[in-house]
Amino acid sequence: MMGHQAKQTQWWDEPVNVFARIPEDHILRRLNACLDLNFVREEVASKYGRNGQVSVDPVVFMKMMLLLFLDDVKSERELMRIIPLRLDYLYFLGYGLEDTVPNHSVLSKARQRWGKEVFERLFARTVEQCWKAGLIGGDKVHVDSSLIRADASLNCVIVVEKTVAKLEQQGDASGQEEGSEDDDQKGSGPGKSTVNERHVVQADPEATVVRHRIGKSLPSYKNHRALDDKAGVTTTGIRDDGEELPAVFEAHEEVTGLKIKKVVGVLKYGTVFNFITLETLS
């Protein structure tokens with residue numbers, strides 16, 4: 001059964017005005033004034049039953065996830081530990097000083113319950129609010145990618161013999177040149193053996209072993225995003241590099257409903273195929 005957080009206003013008004021301890025220009029006060037997440041309950045209502053234990057309010061779930069990214073909190077366990085210590089967090093989440101903060105496991109359970117499709121819709125609705133608030137220009141975007149380390153160590157990487165059939169099923173995107181991230185677009189020609197043809201990350205088979213310039217090769221993913229020029233609003237996240245530019249365009253325009261006119265990217269996006277694609281934008 002879906003819960004609904006009741007705001008504890010007695011701690012945030014006179015005569016005991018704890019709210020006054022939070023500066024007026026604090027990011028969470030500003031967010032609370034303009035961010036409307038009530039649509040979250042509507043989006044996830046079908047994921048909850050009518051009976052049973054009452055859940056944490058889905059809006060509170062979303063705000064907790066937002067705090068993880070805003071303050072770069074290293075884990076959900078750490079977030080739950082510091083929430084009772086932070087007046088700004090308690091205010092943002094609608095908790096009183098005596099409220100019990102839920103166990104860290106509720107966040108992972110919520111993600112599993114809601115599923116990928118729900119988060120994609122929530123993401124689109126959030127970008128829509130940014131557009132209505134005037135945070136998105138829409139006609140000029142910056143594209144780039146970042147390596148994201150998988151939650152797995154090198155001890156999880158094992159040597160395997162992959163058949164040609166398995167390689168064909170996985171596609172060329174799974175193979176990285178033995179070297180650095182900068183080489184990951186070269187492919188594997190005749191007689192060349194790539195790291196990810198010979199190795200599998202046992203704890204996370206979808207991850208690939210990549211080295212970023214210098215240092216050790218580590219199990220990783222790659223996040224691609226398009227940032228709006230006006231305020232840096234992230235509009236998409238997908239998987240590979242220069243060849244993914246058209247997919248970034250499509251996702252950006254689908255989410256924002258705006259036509260891209262200019263694109264700014266690093267050298268690895270400067271392929272013939274991308275130049276032809278960019279020509280179609282004019």
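The values are calculated or read from the model by the stated rules, or taken from the named source; none is laboratory data. As the structure is a computational prediction, the values presented were derived from the model and not from experiment. Please note: Cβ atoms are built from the backbone with ideal geometry, for glycine as well, and neighbour counts cover all protein chains shown.
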Subject >> Flag for S153 being at pLDDT below 85, polar (S, T, N, Q) and out of contact with any Leu (no Cβ under 9 Å at 6 or more places or on another chain) >> reply: no
Original post:
What number of residues within the range 255-282 satisfy the criterion of being within 19 Å of K230 (Cβ to Cβ) and either in contact (Cβ under 8 Å) with a residue 40 or more places away in the chain or small (G, A, S) (or both)?
Top reply: 11
Original post:
Could you list, in sequence order, the residues of the range 109-120 that are small (G, A, S) and in a helix (DSSP H, G or I)?
Top reply: A110
**OP:** Give the residue, chosen from R77, R81, that is assigned to a helix (DSSP H, G or I), surrounded by fewer than 16 Cβ atoms within 10 Å (Cβ to Cβ) and in contact with a His (Cβ under 7 Å, 6 or more places away or on another chain).
**Re:** R77
Subject >> Residue list for the range 126-155, filter: aliphatic (A, V, I, L, M) and assigned to a strand (DSSP E or B) >> reply: V141, V143, L147, I148
Subject >> Options A33, A45; residue that is modelled with pLDDT under 85 and surrounded by fewer than 15 Cβ atoms within 10 Å (Cβ to Cβ) >> reply: A33
**OP:** Among the residues of the range 39-89, write down those that are touching a residue at least 60 places away in the same chain (Cβ under 8 Å), hydrophobic (A, V, I, L, M, F, W, C) and out of contact with any Pro (no Cβ under 6 Å at 6 or more places or on another chain).
**Re:** F39, M62, L87
Subject >> Subset of the range 247-282 (residues that are farther than 13 Å from H142 by Cα and either in contact with a Ser or Thr (Cβ under 7 Å, 6 or more places away or on another chain) or assigned to a loop (DSSP other than H, G, I, E, B) (or both)) >> reply: A251, V255, T256, G257, L258, K259, G270, T271, T280, L281, S282
Original post:
From the list F123, F61, F92, which one is assigned to a helix (DSSP H, G or I) and under 14 Å from G3 (Cα atoms)?
Top reply: F61
